[in-house]
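The values are calculated or read from the model by the stated rules, or taken from the named source; none is laboratory data. Small disclaimer: the values here were computed from a predicted structure and weren't measured. Neighbour counts run over all protein chains shown; Cβ positions are idealised from the backbone, glycine included.
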Amino acid sequence: MAIITENGILLNQKFSNKKEVLRKLSELSVELGISSSKNEVFKSYVDRENEGLTGMMNNFAIPHAKSSSVKTAQILFIRNENDIEDWETLDESKVNLIISLLIPEDNNEEHLKLLANISRKLMNEENIEILKNAKTKDEILKLLSII
């Protein structure tokens, strides 16, 4: 399975808070066959959020769930139409772009590799503009599938 698929990209969403986003990501993980339990994935997201910020800079958040119910490492992407007010970030920007990592419980190496690669992508202003302004899922797929 590819690290990200077209069905794992949601554009023009209208979530109002972080909990809604994490629930949708959890549901999507089961719908796409990435995970066997939306409840376990949701709990993993919440546990990770309680450990520290996943809100980065430039309107991005990188929530991640590490769970025994996750079958394969996968990236999900959401671009929200409005700002998610309750998602704290390093630069106090409002989150509207979410790159989520789903990682099998025992796969520390893959987890760190994906985080590092995503962070590198987000340091490039051109990549940020693509993620913010892409008209099609294909543009996002091309950028994030190279991770």
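Tabulated values for the structure
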item	result
Ala116 vs. criteria in contact with a helix residue (DSSP H, G or I) (Cβ under 6 Å, 6 or more places away or on another chain) and hydrophobic (A, V, I, L, M, F, W, C)	no
Answer from Asn127, Asn108, Asn117, Asn133 - the residue that is out of contact with any strand residue (DSSP E or B) (no Cβ under 8 Å at 6 or more places or on another chain) and closer than 14 Å to Ala65 by Cα	Asn108
Residue ID - surrounded by the fewest Cβ atoms within 10 Å (Cβ to Cβ), chosen from residues in segment 32-54 that are touching a helix residue (DSSP H, G or I) at 6+ places or on another chain (Cβ under 9 Å) and closer than 12 Å to Trp87 by Cα	Glu49
Those residues of segment 116-141 which are surrounded by 13 or more Cβ atoms within 10 Å (Cβ to Cβ), modelled with pLDDT of 90 or more and of a type in the set (Lys, Arg), in sequence order	Lys132, Lys137
Options Ala73, Ala61: the member that is in contact with a helix residue (DSSP H, G or I) (Cβ under 9 Å, 6 or more places away or on another chain) and at pLDDT below 95	Ala73
Listing of strands (runs of 3 or more DSSP E) fully contained in segment 62-115 that carry 1 or more residues being of a type in the set (Gly, Ala, Ser)	64-67, 95-104
Subset of segment 1-46 (residues that are of a type in the set (S, T, N, Q) and in contact (Cβ under 8 Å) with a residue 40 or more places away in the chain)	Thr5, Asn12, Gln13, Ser16, Asn17, Ser29, Ser35
Cβ pairs under 8 Å, 6+ apart, first in segment 95-112 and small (Gly, Ala, Ser), second not in a helix (DSSP H, G or I)	Ser100/Ile62; Ser100/Pro63; Ser100/His64; Ser100/Ala65; Ser100/Ile75; Ser100/Leu76; Ser100/Phe77; Ser100/Ile78
Which numbered condition Glu81 misses (of (1) modelled with pLDDT of 95 or more; (2) surrounded by fewer than 23 Cβ atoms within 10 Å (Cβ to Cβ); (3) within 9 Å of the chain's Cα centre (by Cα))	(3)
Breaking point among (1) in a helix (DSSP H, G or I); (2) without any contact (Cβ under 8 Å) to a residue 24 or more places away in the chain, for Glu49	(2)
Near pairs, Cβ below 8 angstrom, 6+ apart or cross-chain, from segment 76-89 (within 21 Å of Lys135 (Cα to Cα) and free of Cβ contacts under 8 Å to residues at least 40 places away in the same chain) to any residue that is among the aliphatic types (A, V, I, L, M) and surrounded by 18 or more Cβ atoms within 10 Å (Cβ to Cβ)	Asp83/Val95
